[in-house]
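Readers should treat all values here as calculations from the given coordinates under stated rules, not as data from a laboratory. Just so you know, these numbers come straight off a predicted model, no measurement behind them. All Cβ positions, even for glycine, are placed from backbone atoms using ideal geometry, and neighbour counts span all protein chains on display.
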Protein chains: 2
Amino acid sequence: MAGEDRVLANGAKFIDFQTDPSRYRHWKLDVAGDVATLSMDVDEDGGLFEGYQLKLNSYDLGVDIELADAVQRLRFEHPDVKVVVLRSAKNRVFCAGANIRMLAGATHAHKVNFCKFTNETRNGMEDSSENSGQRYITVVNGTAAGGGYELALATDHIILADDGSSSVALPEVPLLAVLPGTGGLTRVVDKRKVRRDHADFFCTIEEGIKGKRAAQWRLVDELAPNSKLEARISERAKQFAETSARKTDGKGVALTPLKRTVDDKSLRYGFVTVDIDRTARIATVSVQAPDKAPPSDIDGMIAQGASFWPLQVAREIDDAILHLRINELEIALLVFKSHGDPAQVLAYDAFLDANKSHWLVNEIRHYWKRVLKRIDVTSRTLVTLVEPGSCFVGTLAELVFAADRSYMLIGSREGDNRPPPALQLTALNFGPYPMSHGLTRLESRFQADPSDVERARGRIGEALDAEQAEELGLVTFALDDIDWDDEIRVFLEERASFSPDSLTGMEANLRFVGPETMESKIFARLTAWQNWIFQRPNAVGEEGALRRYGSGQKPKFDMTRV
Amino acid sequence: MAGEDRVLANGAKFIDFQTDPSRYRHWKLDVAGDVATLSMDVDEDGGLFEGYQLKLNSYDLGVDIELADAVQRLRFEHPDVKVVVLRSAKNRVFCAGANIRMLAGATHAHKVNFCKFTNETRNGMEDSSENSGQRYITVVNGTAAGGGYELALATDHIILADDGSSSVALPEVPLLAVLPGTGGLTRVVDKRKVRRDHADFFCTIEEGIKGKRAAQWRLVDELAPNSKLEARISERAKQFAETSARKTDGKGVALTPLKRTVDDKSLRYGFVTVDIDRTARIATVSVQAPDKAPPSDIDGMIAQGASFWPLQVAREIDDAILHLRINELEIALLVFKSHGDPAQVLAYDAFLDANKSHWLVNEIRHYWKRVLKRIDVTSRTLVTLVEPGSCFVGTLAELVFAADRSYMLIGSREGDNRPPPALQLTALNFGPYPMSHGLTRLESRFQADPSDVERARGRIGEALDAEQAEELGLVTFALDDIDWDDEIRVFLEERASFSPDSLTGMEANLRFVGPETMESKIFARLTAWQNWIFQRPNAVGEEGALRRYGSGQKPKFDMTRV
């Protein structure tokens, strides 16, 4: 399903993004007081696909799924943790980066999706540091090459062992004829602000840089001799913990396993359902409103734990999007729908807004932000249909604004006794869920006239019918019952007939209007260049560098500069 | 030379970027007072290559070379012109965009370079409006499709005939499975601030949008019925001329033909020489200092006209870079050298700085800015060697800062009695030549610590030797005579052996640090996506949309979403 050349290991039928520490094969998570240690110890025989070994702490998507899980659990399950020390449990190697044999045998689509997910994981680490006060320290004791160094780049502080051999490197260009795939080029110059000519030198040498030059050129934050390494780590961890902004009450929420059934036609969770129509190439993602009022207070929320509606729905949508992205490559469109009582969604939004200073509410709001960002960078056409019985209110209305297009029914449908649909805005549409380029979806939408954002804000709490929503610019088209079926059908059919590549490029460009941030640059500029290079014969052809790596044969390049 | 499948028309041996109005085949330039009219009237049989006809005002690189020439001459030769009206001389069509048969038969490298140049031409129009007060008005009387509408998007004001059939369209995605190639997506949402869901609709319909909706959705600035069209154009031209910031003395400078000889091994101009080493895949671009002091005043400069050193050198470098980009695709590295008396370069910089309020000096400074920007986006490794006898001073020092790497010799060379090289900064390194993302090259270089820019500014006018320049962070490496030859040779050889694609992607990412502007987004994000799509089989394969266009056969797509 996920690769032409590759078969999933252990008879797995699809790539599963759900895991937990008891099942980790590649990472070990130890918590001691306010410091967690996340140790990378990749199981060579634990590859996601058959046909390669994960030597030297190299990784594939399966390794990164565990990392993403650990980063997420640290935020929700470990409120006391203020510092995460990331290190290798292997000798003389921190991490060799993405596994090259895996890359060489993977389809273009798998490579691109693999990089997208690993980027999201690393952005998630930075988000954790910025918004949850869990700061990351990397200990490079051995070699950190390619994706290994890129992992370090996503942390707040890099300590390099000053032992004459430990080094950091981005050898992709000279060794593999591809780019560092997880934000490395951007983070080197934009985050670490390495001078561009130094970066040019660094990114074109296979052997990397060690010792004093690594620190002078800002590639690492500090050096420590082996004899003092452990003491230095403790010292830095203590210092970072003391300055952490993390303030919690110490009671974590267990991210219990999602209840999910997967078959060929659907994914079913508690509040989210995905129906797959392979002929039409459409996956319909339906979100159900809460079936009861929010808890009366914080203790009630904590008692509900992972079944607290906003948290459960965020986890379910997140899993569904990830599943569709990588396991359902021929699906052209994601159609979002919602069902249930808008008043309940509104009540949960009010709860999230009233209690935003509580650490767990803060986590849930930031998680929703990340889930919505994941949707924004999903390379499928996103459509939201606002129909009778729907509850696109506040947080769920972001699914309307994230869509490439939205359609809203005017009035009701013949033979349907549910009330006409209404959109409702809440405070949560005006700040807490920015896109990766820093603007809210409404700010992005109303670039032409920012006063339109204020106009919309003035209507918070009103149930807006289709004509009002259209007039306010909140939906693309308001249609009446007579036109609805035909218009939607023609649109969906036509869209599914277009070249998926051109749609991906078009949507990626139209969705992100205006400013750029490091994060958006990584997803936009860097990812696009990499997609290009990832399918050039110089990289992936029979004589290309990825295929020939380790074969003893040098790659043969077409030397045309493009 | 430029295409595998294509042969240049009329027996041309290379693509020539030099032209003048007497040789135009596709455009007509009429000047009446302060309004110029630039009429597009593409000669069907005037294609740059054999094998296609330029129907319906569709264009190829040859058409755009003439447009770029006209835009440039308007700035230098027509100081009185404050408004340029861009329109079609054909009936019922404004411009059908890039010629599809040309695209279908062009190599990937040609398509990418074609788009790069057309982007530069359109950015140049916007630069003209912003910095020379020559404002552009487009009259769309007929259909403006694809590149045709993108041309309109690069102007300040679009008047659409309200005749029931004139329309604007970006039909690339539905029709050709590629993206609009000249900034269209970015300009629609970032410049014209069309709402992203409206843009989604607009970019996925073949037929485009006409009349009232085009204006309501901000795709055009105004509508005019045919009966009032000419009056409206005059009215707008008058209004734009009245508010133009262009202040000149009315004496233009003729851009006389460049003196140039081209053979298989070199390009020779008055002050610029390019030596081509095909085995090493290196083109060495040498710039000669002025051979005499600058004129004593503005009148002296005007008397010199196109032979005024800064103007002549800018034109020569510009032509050389364009030539190398498109005619020498296997050249991996551009090595910049300079020769001559640094004091003379300094004197010209002082002249340009002292007289910056004069319109012609303003033009020359902005032209240098554009030439340097062209270098920044050139997909070749840029290296600058600062050797004895060189004159990398002020404006020419930008060639050091534009380079991916620079090397400077410490002291002198054995057997070379020229003085040791010295770098010198002038005021022109600190503002007038920003890169496309808005920062100067020194600001880009010193992102880590902006005080380094101030430190460099404090040394304006000092002759800095290699060790001083290295200490100030102005060059990558200072090497002494013993190491020079070997280090440079090994670097050049190794660099030329790398995959050109990965170098292109790496350099494009490392050169542009920090912020983005619409212009840099077009070159970075949009171009990269387009490069990717331009080589996907869905576009260029035997069954792809570009190849099958007009054949009566529908394209066949691989529906995998990536």
Would you kindly work out, in nm and rounded to one decimal, the distances from the label point of A:Gly431 to those of the same position in each other copy, ordered shortest first, with label points 7 Å along Cα-to-Cβ? 3.9
Taking Rh as the Kirkwood radius, which is the inverse of the mean 1/r over Cα pairs, what is the Rg/Rh value for chain A? 0.97
Ignore the peptide's own chain and count Cβ atoms of other chains within 10 Å of each Cβ in B:452-463; give me the average, rounded. 0
What is the dipole size for chain B, taken about its Cα centre, with +1 at each Lys and Arg Cβ and -1 at each Asp and Glu Cβ, in debye to the nearest 20? 2340 debye
Across bins of 10 angstrom width beginning at 0, how are the C-alpha pair distances of the protein assembly as shown distributed, in whole percent? 2, 10, 18, 23, 21, 15, 8, 2, 0, 0
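Rounding to the nearest 20 debye, state how big the charge dipole of the range A:301-420 is about its Cα centre with +1 on each Lys and Arg Cβ and -1 on each Asp and Glu Cβ.
Dipole about the Cα centre, nearest 20: 280 debye.
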Mind checking the log10 I(q)/I(0) for the range B:26-243 at q = 0.07, 0.09 Å⁻¹? Debye, one equal scatterer per Cα, no solvent, two decimals. -0.19, -0.32
Shape of the range B:499-555 from its Cα gyration tensor (a ≥ b ≥ c, root eigenvalues): rounded if a/c is under 1.5, otherwise prolate when a/b > b/c, or oblate? oblate
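Could you tell me which of the pairs A:Lys28/A:Lys193; B:Lys251/B:Lys373; B:Lys116/B:Lys369 are separated by over 21 angstrom between their Cα atoms in the structure shown?
Violating the 21 Å Cα-Cα cut-off are A:Lys28/A:Lys193; B:Lys251/B:Lys373.
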Tell me which of B:Thr527, B:Ala152, B:Ala496 sits at the most positive position along the dipole axis of chain B, charges placed on C-beta atoms (Lys, Arg +1; Asp, Glu -1). B:Ala152
Restricting the count to DSSP beta bridges whose residues both fall in the range B:261-503, what percent are antiparallel, rounded to a multiple of 5? 40 percent
How far, in nm to one decimal, is B:Glu330 from itself in the other copies if the label point is set 7 angstrom along Cα toward Cβ? Shortest first, please. 4.3
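I'd like to compare A:211-218, B:457-464, B:140-147: which one has the highest average count of other Cβ atoms within 10 Å, and what's the full order after that?
Those peptides, ordered most packed to least, come out B:140-147, A:211-218, B:457-464.
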Where both partners of a DSSP beta bridge lie in the range A:26-243, what percent of those bridges are antiparallel, to the nearest 5? 25 percent
Which listed residue (A:Ser88, A:Met102, A:Gln72) has the Cα farthest towards the positive end of the charge dipole for the range A:58-108, taking +1 on Lys and Arg C-beta and -1 on Asp and Glu C-beta about the Cα centre? A:Ser88
Take the eigenvalues of the Cα gyration tensor for the range B:346-450, scale each by 5, and report the square roots as semi-axes in whole Å, largest first. 25, 18, 12
Excluding residues fewer than 8 places away in the same chain, name every one of the aspartates and glutamates whose C-alpha is closer than 20 Å to that of A:Lys554. A:Glu172, A:Glu206, A:Glu207, A:Glu542, A:Glu543, B:Glu330, B:Glu493, B:Glu494, B:Asp501
Under the √(5λ) rule applied to the eigenvalues of the Cα gyration tensor, what semi-axes describe the equivalent ellipsoid of the range A:107-200? Give them in Å, descending. 20, 19, 13
Student exercise, the range A:26-243 dipole from Lys, Arg, Asp, Glu Cβ charges, in Debye to nearest 20: 640 debye
Among the lysines, which have Cα under 19 Å from the Cα of A:Lys228 when same-chain residues fewer than 8 positions away are ignored? A:Lys90, A:Lys210, A:Lys212, A:Lys238
Quarter of Cα convex hull surface for the range A:158-283, i.e. mean projection, nm²: 14.2 nm²
Taking only the alpha-carbon positions of the range A:1-77 and ignoring solvent, what does the Debye formula give for the base-10 log of I(q)/I(0) at q = 0.19, 0.20, 0.22 Å⁻¹? -0.81, -0.88, -1.01
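Express as a percent, rounded to the nearest 5, the fraction of DSSP beta bridges in the protein assembly as shown (both residues included) that run antiparallel.
Numbers: 42 of 130 bridges.
Around 30 percent of the beta bridges assigned by DSSP in the protein assembly as shown are antiparallel ones.
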Taking 37 °C and 0.692 mPa s as the conditions, I'd like the Stokes-Einstein D for the range B:424-562 in µm²/s, using the Kirkwood hydrodynamic radius from alpha carbon pairs. 171 µm²/s
If Rh is defined by the Kirkwood formula over all Cα pairs and Rg also comes from Cα, what ratio Rg/Rh do you get for the range A:209-330? 1.21
Send over the Kirkwood Rh of the range B:290-370, from the inverse of the averaged 1/r over different Cα pairs, rounded to one decimal Å. 14.0 Å
Just checking the output field for B:514-523: average partner chain Cβ neighbours within 10 Å of each residue's Cβ? 4
Over the range B:357-410, what per residue volume does the convex hull of the Cα atoms give, in whole Å³? 83 Å³
Convex hull volume of the Cα atoms in the range A:261-503, per residue, in Å³? 131 Å³
In nanometres, the difference between 0.36 nm per residue of separation and the alpha-carbon distance of A:Asp299 and A:Asp353 is 17.8 nm
Between the residues B:Ser406, B:Ala456, B:Ile302, the Cα farthest towards the positive end of the dipole of the range B:261-503, that dipole coming from +1 and -1 charges on the beta-carbon of Lys, Arg, Asp and Glu, is from B:Ile302
Counting all C-alpha pairs of the range A:94-134, share separated by more than 15 Å (%): 55 percent
